[in-house]
Structures are given as C-alpha cells and as structure tokens.
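Student: One structure, pasted below without further comment.
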Amino acid sequence: MSAHHHDSHSGHGEGFHGELGHVVPYKTYLAILIWLLILTVVTVAAAQVDFGAMNAVVAMIIASIKALLVATIFMHLKFENPVTWLYALFPIVLLAILLAGLFIDNPFRTDPQHATEAAQHAANRLAVILRIG
C-alpha cells in the first residue's frame, strides 16, 4: 500500500477510490463508444457534403467533440484538478491560434495557375526595372 493517504477532498472529485484511481462505470464507457461511433458516421457523412469554405471548420468541430469525449472520459481528465486542466488546455489554445491563422488565410488563397501567372508577371516587371536601372 502507498504511504500517502487520499481523502475525498484531495482535489480528485467524485469517483476517486484511493489507489484504484477513478472507477468509471461500464455504461459510461459504452455510451462514449456509441457517441464516438455516431460521430465517426457524421464525419464520413460530412465529408460527402460540400460546405464550401467551411469544410475544414466542420471537420475540426466534429474532431474536437470526439477529442473532448476521449480526453474527459477515457483519459480521466474530467476528474483532475485545475492545474492538470491548464496543462491540457494550453497546447489546445496554441493549436487554436495556429488554426485560426490558417482559417483566416485560407479564403485569400488564389488558384495555383493564377498565382503562377502573377509570379511570372512580377518577374517580368522586375526584369524590365533592372534593365532600365
């Protein structure tokens, strides 16, 4: 046995059973499994629909819901103290910032053929300027 004593007020929340950790009922795991399977079907169905510029957003929302279910129940984050939540949420906030940059930039992307033509035009203009100067 451990030399440490755990009481119900040690910051672990309900369901903490000493050295056994958090005992989650089988029905909870089964319910989460069913939800994950349903969300997988929703993911496949959403991939068949053209949401236009929102395709990536819809996919990320569905994936985020699945990740939240896994993290809170299967990884027992639901039962952890606030400091552990901060350690888990900090990289997610950084990822959200990076994805926001992607989603902000994505609508301004041009057709690759048009981009190539624009680059060639800019190179020609630079060549003309360099010959003059």
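The values are calculated or read from the model by the stated rules, or taken from the named source; none is laboratory data. Nothing here was measured: the structure is a model prediction, and the numbers come from that model. Cβ coordinates were reconstructed from backbone atoms using ideal geometry, including for glycine residues, and neighbour counts include every protein chain displayed.
Student: Here are some residues: 100, 96, 67. Which one is small (Gly, Ala, Ser), in a helix (DSSP H, G or I) and under 27 Å from residue 34 (Cβ atoms)?
Tutor: 67
Student: Moving on. Could we say that residue 36 is within 25 Å of residue 23 (Cα to Cα), surrounded by 13 or more Cβ atoms within 10 Å (Cβ to Cβ) and hydrophobic (A, V, I, L, M, F, W, C) here?
Tutor: Values: within 25 Å of residue 23 (Cα to Cα): yes; surrounded by 13 or more Cβ atoms within 10 Å (Cβ to Cβ): yes; hydrophobic (A, V, I, L, M, F, W, C): yes.
For residue 36, the condition - within 25 Å of residue 23 (Cα to Cα), surrounded by 13 or more Cβ atoms within 10 Å (Cβ to Cβ) and hydrophobic (A, V, I, L, M, F, W, C) - is met.
Student: Restricting attention to region 60-83, does a residue exist that is closer than 26 Å to residue 21 by Cβ, among the charged types (D, E, K, R) and out of contact with any His (no Cβ under 9 Å at 6 or more places or on another chain)?
Tutor: Yes: region 60-83 contains one or more residues that are closer than 26 Å to residue 21 by Cβ, among the charged types (D, E, K, R) and out of contact with any His (no Cβ under 9 Å at 6 or more places or on another chain).
Student: Could you please let me know if residue 42 is assigned to a helix (DSSP H, G or I) and at pLDDT 85 or above? Give the steps one after another, and end with the answer.
Tutor: Details: assigned to a helix (DSSP H, G or I): yes; at pLDDT 85 or above: yes.
So residue 42 passes the test.
Student: What about residue 71, is it modelled with pLDDT under 80 and under 25 Å from the mean Cα position of the chain (by Cα)?
Tutor: On the way: modelled with pLDDT under 80: no; under 25 Å from the mean Cα position of the chain (by Cα): yes.
No.
Student: Between a first residue in region 89-101 that is within 17 Å of residue 63 (Cβ to Cβ) and a second residue that is part of a helix (DSSP H, G or I), which pairs have beta carbons less than 8 Å apart while being 6 or more apart in sequence or on different chains?
Tutor: Hits for this filter: 99/60.
Student: Find all pairs meeting these conditions: Cβ atoms under 6 angstrom apart; at least six residues apart or on different chains; first residue within region 48-71 and under 13 Å from residue 103 (Cα atoms); second residue part of a helix (DSSP H, G or I) and of a type in the set (Gly, Ala, Ser).
Tutor: Note: pairs meeting the criteria are 58/46.
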